[in-house]
There are 2 protein chains.
Amino acid sequence: MAAELAGNCLIGQSGAPTTVVNASVAGIVTEALNHEVIEEVYGSLNGVHGLLNEDLVDLAAESQQTIRGLRSTPGAALGSCRTKLKKPQDVERALEVLKAHNIRYYFHIGDADSQDTAAKIAELAKAQAYELRVIGIPKGIDNDLPVTDHCPGYGSAAKYIATTVRELAVDAEATSQNDIVTIVEVMGRNTGWLAAAATLSKRRDHPNDPPHLVYLPEVAFDAAKFADDVRRILKREKHCVVVVGEGLVDKDGNYIAVESGDAGSAAQFGGVGDHLREVVETQVGAKVRVARLGVAQRAAAHLTSKTDSDEAFLAGQAAVKAAINGESEKMVTLLRGDGDHYTCETGLAGFADIIGNVKKLPREWINEDGVSMNFQFYRYATPLIQGEVTVPFDNGVPSFVRLHGEMVDKSLPGYEA
Amino acid sequence: MAAELAGNCLIGQSGAPTTVVNASVAGIVTEALNHEVIEEVYGSLNGVHGLLNEDLVDLAAESQQTIRGLRSTPGAALGSCRTKLKKPQDVERALEVLKAHNIRYYFHIGDADSQDTAAKIAELAKAQAYELRVIGIPKGIDNDLPVTDHCPGYGSAAKYIATTVRELAVDAEATSQNDIVTIVEVMGRNTGWLAAAATLSKRRDHPNDPPHLVYLPEVAFDAAKFADDVRRILKREKHCVVVVGEGLVDKDGNYIAVESGDAGSAAQFGGVGDHLREVVETQVGAKVRVARLGVAQRAAAHLTSKTDSDEAFLAGQAAVKAAINGESEKMVTLLRGDGDHYTCETGLAGFADIIGNVKKLPREWINEDGVSMNFQFYRYATPLIQGEVTVPFDNGVPSFVRLHGEMVDKSLPGYEA
């Protein structure tokens, strides 16, 4: 049993939202209030920005209703940021703010790279002998975090993509006579987890159901083979549904379509669907319809997976429990049980095992044709999209909560980052 | 009271599906079975194709469960087509098929232009003194049919667009600091009904809610004004959400972005979002994210408007009642009540008033700024997106019905269209 550490806690987040990031916030707040050693529960506005500018809000002052509503609200209720703590003086300032508010527990919701920020704060606190427990909570629709079985946010994006592809396919089937190619461009940067998720729209034991072809960043793209693939499907089916991941690469590892930036993480993707359209129009001669689902993939709260939402909440709770138990410099992970029925509990992984690592789709889960998934992927992903979350509708559209956002009094001079 | 006409009925459909076309089919089948004078209830596979090829299915043989399931199934359960009856010999063949199966009631679900097919069959039947009652049922997400207050299919597409824009906006707000422009490209061909529907995502009395700018085919597009509009919003808000209709035109009436075809109905749209992205990147210098919702707009059954679904069913029922009452060569219309509370009943309009006419968004519903809607549009459109339809989910994705499709025996020789 760890020594009791009394003080306040702070939640910050980083990077692109998912539909269940706020469920993790709700999990942290709910669990924190169960522990008397945690006195105040604060949130940092826009992640690192709030930490540097001392923009903190009092989450314990929010209504029960609001905290519950977070479980069906997309985006990031506290605001997020794309900034990392890089300069040593920024890390020092962040720690100064934590000290000023007697923060003894810092919970960082973010992807693998952004846990770096949490790690740096923890390191400096240790160097200064300031007792601080830092726990990361994973998030991200891309599902590319290492160690954890899967990442909160992925299941909901997967459910949205699979649902949309099933609906598009029903439409295409109704209107086509061996002639329409529907191309759906999905996110996922350098991994095919999201593109592969489209195959969850197939009915059990109907491998020929749409999507007929899936192009993944893990498999080098070849335009001639693609044209052949489409021709083959159009001979067999009334129409062809193609799903393509934005980060598709050719045999030399160059992106097929990238709008700005380079092959590093700064790349802004988009347009690979239109590239594939050109190939079909010029080489196959079929009519093409392109849908680019865009940010809807990480924002479609009305299609949140209940399993995903519950696990995101659980990850938030687990972070608090771990910190109370004396853990620090670790990220919560999701562990899948060994049994036939899907079960999930939480574990912990050291920051060092997380930061800078990317989990690709295993090649052995992709069929030899390179454009479809085998049972190993279905066994992995199917449980993650199960269950629906009831989102309240108001006047015909989903109703989301906003934090009241009672600001915590500042006690430090301003800071220029 | 019309003379009693005993015989069989046939349902056919034409053009792009909506999420509620099948609800109209369910309405027709359900009502037809209430009338003893209607003996068999058939469906024509792929609309006109089925009529020419004598591909008819027995809808009365479908289970109750299947007919109920049609109310939450997108696409076109009978199959649709993009073909119209043009050649006189095709019209003659169609009538021959109707006669061969003693069809006395023909129900045609389609948009304005496709009612032409129904009209031609009715005309020839009259010329040949074959007693046939032909009633059209409107459909289409574009909402551009004349006479009817609104068109079944529009409310659901509007609900999907408004929901998606609200969700995207929550995401953008969480991640931006006066710098992100989100562009959402929506359908609608030559009218702005769908683009305008995005404004239904605003909360009541929050005119500054996203979408901040809406570009409609009814308002000539000017790139310099667009750049100014975006700059203005980015000064006021943390981010800017732009919605643009695919059929946007410049001051000379030329399409801003069209992928193939000309200004006629054959144009295939797509790409206007990317055009606007270029303007923002080069003239404003902000980061842009584009989503092209594509066919999902007419296929997202999981976001069907209950009001829309109920009215589509009602339109199907009304078509049968009208035909039983002796009406023919008319299309069912939806009539809005005058009261403060929204009510809707059905009427009838002659084919001549429908075919070839397009209903634009009234200019007086668009604010003077050209990029937002006033209370007249909200009063019109808000009731149409009310209510949710429960779509059954199976294994994490929506479960849709398929017709068993028991074929009716053919009695005619084959036909080469």
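Tabulated data
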| quantity | calculated |
| --- | --- |
| Test for B:N325: is it in contact with a strand residue (DSSP E or B) (Cβ under 8 Å, 6 or more places away or on another chain), more than 14 Å from chain A (Cβ to nearest Cβ) and at pLDDT 95 or above | no |
| Single unsatisfied condition, B:E368 versus (1) over 21 Å from B:L248 (Cα atoms); (2) out of contact with any strand residue (DSSP E or B) (no Cβ under 8 Å at 6 or more places or on another chain); (3) acidic (D, E) | (1) |
| From the options B:T30, B:T83, B:T19, residue that is within 12 Å of chain A (Cβ to nearest Cβ) and closer than 18 Å to B:L403 by Cβ | B:T19 |
| B:A318 vs. criteria more than 16 Å from B:L70 (Cα to Cα) and within 14 Å of another protein chain (Cβ to nearest Cβ) | no |
| Filtered residues of segment A:297-317 (kept if out of contact with any helix residue (DSSP H, G or I) (no Cβ under 7 Å at 6 or more places or on another chain) and buried (at least 24 other Cβ atoms within 10 Å of the Cβ)) | A:E311 |
| Of all residues in segment A:176-208 being without any contact (Cβ under 8 Å) to a residue 60 or more places away in the chain and within 11 Å of another protein chain (Cβ to nearest Cβ), the one that is surrounded by the most Cβ atoms within 10 Å (Cβ to Cβ) | A:A198 |
| Count of segment B:1-57 residues which are of a type in the set (D, E, K, R), within 24 Å of B:K410 (Cβ to Cβ) and either crowded, with 18+ Cβ neighbours inside 10 Å or at pLDDT below 95 (or both) | 3 |
| In segment B:173-218, the residues that are at pLDDT below 95 and of a type in the set (A, V, I, L, M) | B:A174, B:I180 |
| Members of segment B:137-175 that are hydrophobic (A, V, I, L, M, F, W, C), more than 8 Å from every other protein chain (Cβ to nearest Cβ) and crowded, with 24+ Cβ neighbours inside 10 Å | B:I137, B:I141, B:L145, B:C151, B:A157, B:A158, B:I161, B:V165, B:A169 |
| Unmet criterion (only one of (1) closer than 28 Å to A:G245 by Cβ; (2) buried (at least 17 other Cβ atoms within 10 Å of the Cβ); (3) of a type in the set (A, V, I, L, M, F, W, C)) for A:V358 | (2) |
| Check on A:L384, within 26 Å of A:A162 (Cα to Cα) and within 14 Å of another protein chain (Cβ to nearest Cβ) | yes |
| Failed item, numbered, when A:V320 is tested on (1) over 21 Å from the mean Cα position of the chain (by Cα); (2) surrounded by 14 or more Cβ atoms within 10 Å (Cβ to Cβ) | (1) |
| Only one of A:L384, A:L412 that is crowded, with 19+ Cβ neighbours inside 10 Å and in contact (Cβ under 8 Å) with a residue 40 or more places away in the chain | A:L384 |
| Tally of residues being within 20 Å of the chain's Cα centre (by Cα) and outside any loop (DSSP other than H, G, I, E, B) across segment A:386-409 | 1 |
| Segment A:387-400 - residue that is surrounded by 20 or more Cβ atoms within 10 Å (Cβ to Cβ) and more than 9 Å from chain B (Cβ to nearest Cβ) and, of those, farthest from A:T199 (Cα to Cα) | A:V391 |
| Test set (1) over 30 Å from A:A158 (Cα atoms); (2) more than 10 Å from chain B (Cβ to nearest Cβ); (3) under 22 Å from the mean Cα position of the chain (by Cα) - A:H49 fails condition number | (2) |
| Unmet criterion (only one of (1) more than 14 Å from chain B (Cβ to nearest Cβ); (2) in contact with a helix residue (DSSP H, G or I) (Cβ under 7 Å, 6 or more places away or on another chain); (3) under 23 Å from A:Q297 (Cβ atoms)) for A:P362 | (2) |
| Complete set of residues in segment A:261-276 that are modelled with pLDDT under 95 and either within 20 Å of the chain's Cα centre (by Cα) or closer than 13 Å to A:C240 by Cβ (or both) | A:G264, A:S265, A:A266, A:A267, A:Q268, A:F269, A:G270 |
| Verdict on A:K120 being in a helix (DSSP H, G or I), on the phi < 0 side of the Ramachandran plot and either of a type in the set (V, I, T) or touching a residue at least 12 places away in the same chain (Cβ under 8 Å) (or both) | yes |
| Counted residues, segment A:367-381 - those being more than 24 Å from the chain's Cα centre (by Cα) and either within 9 Å of another protein chain (Cβ to nearest Cβ) or small (G, A, S) (or both) | 1 |
| Candidates B:N190, B:N208, B:N178 - the one that is within 22 Å of B:V295 (Cβ to Cβ) and in a loop (DSSP other than H, G, I, E, B) | B:N190 |
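The values are calculated or read from the model by the stated rules, or taken from the named source; none is laboratory data. From a predicted model like this one, the values you see are computed outputs, not experimental measurements. Every residue, glycine among them, receives a Cβ derived from its backbone with ideal geometry; neighbour counts consider all protein chains shown.
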